[in-house]
Amino acid sequence: MRIILYSGKGGVGKTSISAASGLEAARRGYKTLVMSVDPAHSLSDAFDLEKDLMDHEAGRLVNVAKNLWIQEVDVLEEISRHWNSVYSYVAALLNVSGLEQTLAEELAIFPGMEEVSSLLYVNQYVREKSFDVVILDCAPTGESLRFVSIPTTLEWYMSKIFKLERRVASVVRPMVHSFVGVPLPEEQYFKNLEELHRKLSGIDKLMADPKITTVRLVTNPEKVVLKETQRAFTYFCLYGLTVDAVIINRILPEAVSDQFFTAWKTTQERWIRRVEEFFSPVPVWRVPMFRDEVLGVERLKRLGRALYGSSDPAKRYFDQAPYSFRKVSGDYHLHLRLPFVQAEHVDLYKKLDELVIRVGGYKRHIALPQRVAHCEPESACVKDGELVVVMRRNNAQRETKQPKVASRTPE
Ligand SMILES: Nc1ncnc2c1ncn2[C@@H]1O[C@H](COP(=O)(O)OP(=O)(O)OP(=O)(O)O)[C@@H](O)[C@H]1O
Ligand SMILES: [Mg+2]
């Protein structure tokens with residue numbers, strides 16, 4: 001079983017490349033699903049399917065070729081089927097802040113609910129062994145990061161906050177119905193979250209296992225797009241996912257000689273050279289700009305051939321997990337790949353049995369293995385695109401240290 005995420009900035013070609021990869025995998029005999037995680041679905045448009053058909057099949061699996069299915073998860077339908085009480089609590093929350101009821105309900109698509117619904121399906125398909133390859137056509141970068149952070153965030157919430165919050169609510173509820181004007185969640189809300197947690201259990205390990213899950217970053221040879229690709233690469237590493245390829249899409253072909261494109265060609269060539277330096281040793285693939293939109297099965301197949309040639313899309317092209325613990329003369333060293341990051345942008349501290357690492361606006365709780373959980377972060381540095389945290393056992397010291405992250409190896 002393989003799970004492959006195609007992520008990148010808005011409009012770079014994620015949906016076209018996901019669809020083309022699905023067709024190529026299916027042609028090779030893999031039972032394949034391409035699922036759209038982007039609430040602004042355009043997968044069926046890429047396959048040039050009738051709108052009526054997709055409306056009729058909303059949210060379901062649609063067979064589009066031999067061995068190939070697509071699914072556009074319908075989040076409103078998912079909420080009304082499974083998560084009504086979570087949804088109504090959030091709607092109520094928004095309502096107290098003075099919003100009209102109908103508007104509040106529209107806004108109450110629980111943060112990350114689209115992503116949660118897709119994750120639930122992925123986990124179900126993995127458990128039921130329904131497909132050999134599941135391709136996820138992700139929303140633009142920010143939302144896809146939210147998608148991959150859900151399993152670890154939910155795990156953290158359930159183990160650290162959930163029980164306490166539930167106990168407080170059950171104690172306080174008989175006395176007051178709201179707390180500083182905010183309604184208290186009903187017991188059903190907690191039951192639903194518990195159910196959600198149970199249904200999602202295991203997905204965090206699947207996503208962090210490079211043998212199963214890898215991310216392919218789609219980019220264009222332009223400065224602004226590449227900057228975002230670099231940031232995405234860093235954050236996927238932070239969340240423990242392995243990027244196994246970077247795809248440069250929409251490269252102007254050699255044959256284009258019109259003067260209008262001269263400056264574009266020079267710019268593209270410059271950035272294409274840099275991409276290899278930036279992302280090495282992760283492989284970089286190139287896809288030309290086609291003469292027209294990539295619509296319908298025939299054009300998508302052509303895109304698939306340009307992308308993979310005779311290679312297998314389901315193969316793992318790079319499988320080094322982004323982080324590991326190593327024992328070094330009595331200490332434990334956490335190595336976390338964090339390219340394109342400067343020391344001053346990284347913050348870290350230990351809280352109980354986890355290490356909290358913050359990079360820019362993103363935060364990751366890394367659960368420490370038992371043997372490391374009693375160690376304290378002694379020092380940290382960023383070097384050659386890697387964050388190294390030295391964890392040292394210190395029996396005498398109970399308080400938590402927060403080392404400053406240095407940009408070179410500590411003495
Ligand atoms: N190599 C290519 N040559 C020509 N057109 C392309 C190529 N790749 C993608 N396109 C076209 O560019 C447009 C945007 O592509 P696509 O929808 O795949 O991007 P996306 O990254 O999924 O966008 P969004 O972020 O909106 O989901 C589509 O019209 C698609 O047909
Ligand atoms: Mg898309």
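Just so you know, all these numbers are worked out from the coordinates, no wet-lab data involved. Since the structure is predicted, the reported quantities are computational estimates derived from the model, not experimental observations. Every residue, glycine as well, gets a Cβ built from its backbone with ideal geometry; the counts of neighbours run over all protein chains shown.
Results, tabulated for the structure shown:
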quantity	calculated
Partners for LYS191 among aspartates and glutamates (Cα-Cα distance below 15 Å; same-chain residues under 8 apart left out)	GLU165
Sequence ranges 64-70, 312-318, ranked by mean other-Cβ count within 10 angstrom, highest first	64-70, 312-318
5 angstrom amide H check on ARG2, placed H, neighbours 5+ away	VAL133, VAL134
For peptides 1-11, 362-372, sequence by mean Cβ density within 10 Å, most packed first	1-11, 362-372
Set of lysines near LYS363 by C-alpha distance (under 23 Å), chain-local residues within fewer than 8 positions excluded	LYS9, LYS160, LYS163, LYS205, LYS227, LYS350, LYS351, LYS383, LYS401, LYS404
Net charge of neighbours whose Cβ lies under 12 Å from the Cβ of TYR121, counting Lys and Arg as +1 and Asp and Glu as -1	-3
Global geometry of the stretch 295-408, whether rounded, prolate or oblate, following the gyration tensor of its Cα atoms and the 1.5 cut on a/c	prolate
Packing-based order for 278-286, 320-328, using average beta carbon neighbours within 10 Å, highest first	278-286, 320-328
For the stretch 308-347 and the stretch 262-306, distance of Cα centres in Å	25 Å
For VAL287, VAL215, order by how many other beta-carbon atoms lie within 10 Å, fewest first	VAL287, VAL215
Net +/- balance of residues flanking VAL243 in space, Cβ distance below 12 Å, scoring K and R +1, D and E -1	+1
